[in-house]
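The values are calculated or read from the model by the stated rules, or taken from the named source; none is laboratory data. In this text the structure is predicted, and so the values were computed from the model without any measurement. Cβ coordinates were reconstructed from backbone atoms using ideal geometry, including for glycine residues, and neighbour counts include every protein chain displayed. Just so you know, the surface numbers come from the protein's heavy atoms only, side chains and all, with ligands and any DNA or RNA stripped out. Shrake-Rupley method; radii C 1.70, N 1.55, O 1.52, S 1.80 Å.
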Amino acid sequence: TSPKRWSCGHEWAQINGKISETLAVKWLKQLVDAVSTLHEHGYMHRDIKPENIMVETTNNLVLIDFDAICKMEKAAEGKIPSMGTPRYMAKEQAAGNPRPSSDLYSTGMVIAELLAGEGYSTLSRLDARNELGKVNWPECIQISDQLKDLLDRMTHPNMLRRPVSAQDVLSILSNAESWV
């Protein structure tokens, strides 16, 4: 039999509460690795959100629901219908111009929300940045400066300020064991 899975956004968070930095880094690596695989094959997910991430009993993640997937070359040709969940969607994706960094934006938003815990309005606060363009992280999120910096970059409203690729994020995460 296959392992039991819970929806990351609902059942898992309700049972377990907010995640630790260690688990956030583990999950971020897993999600970005899945995004990297999609991008390497020429696709964007366009609907990364807690409900589309399943948590196995082993605490490993599985990215699901590919209804909004699109080919990168089609997106590069011009405006395509906006698909995805607005709460986790980058501005350029909402405007019908998704880019690979749009998936990174959504992934960063999910991890930030899981770090804050259920019921905290993190998402609207991530776009409210200080004069240096950094997120004003709430006190309920106690994480290293390195993880804050990475999530700041991944969730930046300006796509040109985000990491260029999922591989760039994975490269940054390769040193994450020294962050905590």
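Some points to look at:
- Amide proton proximity set for Arg129, modelled H, under 5 Å, gap of 5+: none
- In the list (i) 67, 47, 33; (ii) 114, 39, 30; (iii) 51, 42, 30, the label attached to Cα extents along the principal axes in Å as derived from the coordinates here is (iii).
- Here is how the number arises for the chain: DSSP H runs of 4 or more residues each give -39500 (n - 2.57), the sum is divided by the residue count, and the result at 222 nm is -11500 deg cm²/dmol.
- Counting heavy atoms of the protein chains alone, Asp67 has an accessible area of about 130 Å² for a 1.4 Å probe.
- Exposed loop sites here mean trypsin sites (Lys or Arg not before Pro) with a DSSP loop assignment and at most 15 other beta-carbon atoms within 10 Å; the chain contains its longest site-free run at 5-78.
- Under 5 Å between amide hydrogens, built in the peptide plane, is the criterion, and for Tyr43 it picks out Met72 among residues at least 5 positions away or on other chains.
- Each Cα pair under 8 Å and six or more residues apart adds its sequence gap; the mean of these over the residue count of the chain is a relative contact order of 25 percent.
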